[in-house]
Amino acid sequence: MSSWSVVSYRSRAVAVLGLAVLASTVAAQTDTTSSSATPVTHAEAPAAVPTGSALRIGPGDLLELNVFGAPELGSTLRVSGDGEITVALIGSVKIAGLTPDQAQTEVARRFRDGGFLRDPHVSILIKEFASQGISVLGEVAHPGVYPLLGAPRLLDAIAAAGGTTQHAGRTVVITHRQQPSEPEKLLLSRDAEQISAQNPDLHPGDTVIVSRAGIVYVSGDVHTPGGFEMDQNENLTVLQAIALAQGLNATAAIGSVRVIRREEGTLKEIPVELKEMMAAKAPDMELKDQDVLFVPNSASKSAARRSLESIVQVATGLAIYRR
């Protein structure tokens, strides 16, 4: 912009606004502008952004900028991929990562330091959010991205996603956008009062993943074979799994019970000392997610010859989920 056009603009602004508008009085001396005020360059960075849960401007957001007393300077602006907006007179301003209040202060400073306005009052309103949503994934009714404003917390995000499903576990993982390499893992309590205390703050761009409850399959000579959830991701033992399957049949081969576990893509067979466990002479064995507890039939000689793959296929093929 030439010096003549700047002077012309200021003259028109003074005529329109009048001396009574002190908040946005135009600089009166052109020579003062050229000698004492140095416009801020595009490369100059804004003030440091403090941490916190305040809503922050991000690339793609749609902003409405207004300058009190100078409506011709107002406009609707889209934040570029580089986090910048282009404002009349002052040019490009990098505001991504700032709160609206910080962005207002930065734009006002550019007007003032550039000599365009003596006491500018700038307002910035975020009209459309493109980067402020919180992703809620996993075992929730409606996974998606939710633009939660204000100071949202974990339970707010889960509620916005329709709550958890019946197969949800107790483990919740929160990945903060500002610290993606340090996810926060929570084990939610069943107690309502304790859950309210386990309700951390969330920030724009965070991701919440609600885990799925683990499942253990009980197959073979039991009353009700099937898949059983691990009681909201808590430990499930061999005796507890058999109890969920409503006990052993009279023809069960107690001495041949085993757990089939997949480790690193390979099926592993683990003998179970069930007779000793039932007599309290051996510790109850803890099961892991996707384990198959197989109880063979003592009357079937072919049971010992069945492959691990076939046992797993039969067990998982039941597709029965019991609580």
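What the table shows:
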| read-out | value |
| --- | --- |
| Out of GLY205, GLY162, sole residue that is in a loop (DSSP other than H, G, I, E, B), at pLDDT 90 or above and either of a type outside the set (A, V, I, L, M, F, W, C) or not assigned by TED's automatic domain parsing to the domain that holds ILE242 (or both) | GLY162 |
| Options LYS185, LYS275: the member that is in contact with a Gly (Cβ under 8 Å, 6 or more places away or on another chain) and either outside any strand (DSSP E or B) or closer than 30 Å to GLY58 by Cα (or both) | LYS275 |
| Test: GLN198 is within 30 Å of ARG78 (Cα to Cα) and touching a residue at least 24 places away in the same chain (Cβ under 8 Å) | no |
| Unmet criterion (only one of (1) crowded, with 19+ Cβ neighbours inside 10 Å; (2) in contact with a Ser or Thr (Cβ under 8 Å, 6 or more places away or on another chain); (3) outside the structural domain of SER298 (by TED's automatic domain parsing)) for GLY227 | (3) |
| Output for segment 53-105, where each listed residue is in a loop (DSSP other than H, G, I, E, B) and free of Cβ contacts under 8 Å to residues at least 12 places away in the same chain | GLY74 |
| Hits in segment 140-157 - residues which are of a type in the set (A, V, I, L, M), modelled with pLDDT of 90 or more and in contact with a strand residue (DSSP E or B) (Cβ under 6 Å, 6 or more places away or on another chain) | VAL140, ALA157 |
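The values are calculated or read from the model by the stated rules, or taken from the named source; none is laboratory data. From a predicted model like this one, the values you see are computed outputs, not experimental measurements. Neighbour counts run over all protein chains shown; Cβ positions are idealised from the backbone, glycine included.
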